[in-house]
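Reading through the structure tokens given below for one structure.
The values are calculated or read from the model by the stated rules, or taken from the named source; none is laboratory data. Worth saying up front: this structure is predicted, and the values here are computed from it rather than measured. Because the Cβ atoms are built from the backbone with ideal geometry, glycine has one as well, and the counts that use them run over all protein chains shown.
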Amino acid sequence: MLDKKIKERKKELSKNIFEYKESSAGGIIITGLKRNERVSHLEIPDNIDRQPVTHIDANAFTDNETIKSVNIGKNVRFLGSGAFWGCTNLNNVSYSKLTDIAFRCFAECTSLSYFDFTNVETVNSSAFAESGLKKVIIPSSVKDVKTYAFKCCEELTMVFWSNEHDIPFRCFFNCKNLKTVILSDQIKNIECHAFDACPNAEFTFV
């Protein structure tokens, strides 16, 4: 039975299930799934047609309710705006070298309780708005977080901001169940209203 599942998995990975286009700068941009393709585990390949897959296009998988997990190939650096917006059953995302998470990329991914920000450099506006994140850990690799990045994350209870970069305007707006906020004592600026409508948040500097 196990061997059969392994063979089926290899067969699934061997066929191309994606719509894609070539980038003017070289490489492949995945624009979505082919018609009638339905997968629960989405494996973004390193290469297609012997060219590196470098981008996932804007709205490529928006509102896809069958995707539960995503493994992003080692050549992908950028996720387009709304790439996984509204994927309500997505609960796991893994990647190798992703650096930029675009506007509303994982917004309304209500089953996504955790995201590893290691190696990420930029988290754009509303990237995780209204998602299911329960804990947010921002490491030193993250250089820039934009406004509203984590707004209205109702499941969020803990934030650990371990770098010195600014926490922007309304970054955690209306995270009403946020209780524990741990901040680096090297932080330069917490912009006004960064934690608006977080009535239970308690702050500690380390």
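Over 18 Å from Thr204 (Cβ atoms), touching a Phe, Trp or Tyr at 6+ places or on another chain (Cβ under 9 Å) and surrounded by fewer than 20 Cβ atoms within 10 Å (Cβ to Cβ), is that true of Lys134?
Criteria met by Lys134.
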Practice task
State whether one or more residues within the range 82-101 are of a type in the set (Asp, Glu) and under 28 Å from Cys198 (Cβ atoms).
Solution key: yes
Handout entry: In the range 158-206, the residues that are among the hydroxyl-bearing types (Ser, Thr, Tyr) and within 17 Å of Phe117 (Cβ to Cβ)
Key = Ser162, Ser184
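The rows are residues; the columns are (1) of a type in the set (D, E, K, R); (2) within 20 Å of Thr122 (Cα to Cα); (3) exposed (fewer than 15 other Cβ atoms within 10 Å of the Cβ).
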{"position": "Val159", "(1), (2), (3)": "no, yes, no"}
{"position": "Cys171", "(1), (2), (3)": "no, yes, no"}
{"position": "Leu178", "(1), (2), (3)": "no, no, no"}
{"position": "Asp185", "(1), (2), (3)": "yes, no, yes"}
{"position": "Pro199", "(1), (2), (3)": "no, no, yes"}
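Matching residues to (1) within 13 Å of the chain's Cα centre (by Cα); (2) at positive phi:
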{"position": "Asp57", "(1), (2)": "no, no"}
{"position": "Ala60", "(1), (2)": "no, no"}
{"position": "Lys74", "(1), (2)": "no, no"}
{"position": "Gly86", "(1), (2)": "yes, yes"}
{"position": "Tyr95", "(1), (2)": "yes, no"}
{"position": "Leu98", "(1), (2)": "yes, no"}
Fill in the blank from the handout: Counting only strands (runs of 3 or more DSSP E) wholly inside the range 1-63, the ones holding at least 1 residues that are at pLDDT 95 or above and under 14 Å from Gly80 (Cα atoms) are 18-22, 28-33, 51-56
Problem - Condition met for Thr147 (under 19 Å from Ile137 (Cβ atoms), β-branched (Val, Ile, Thr) and at pLDDT 95 or above) - result: no
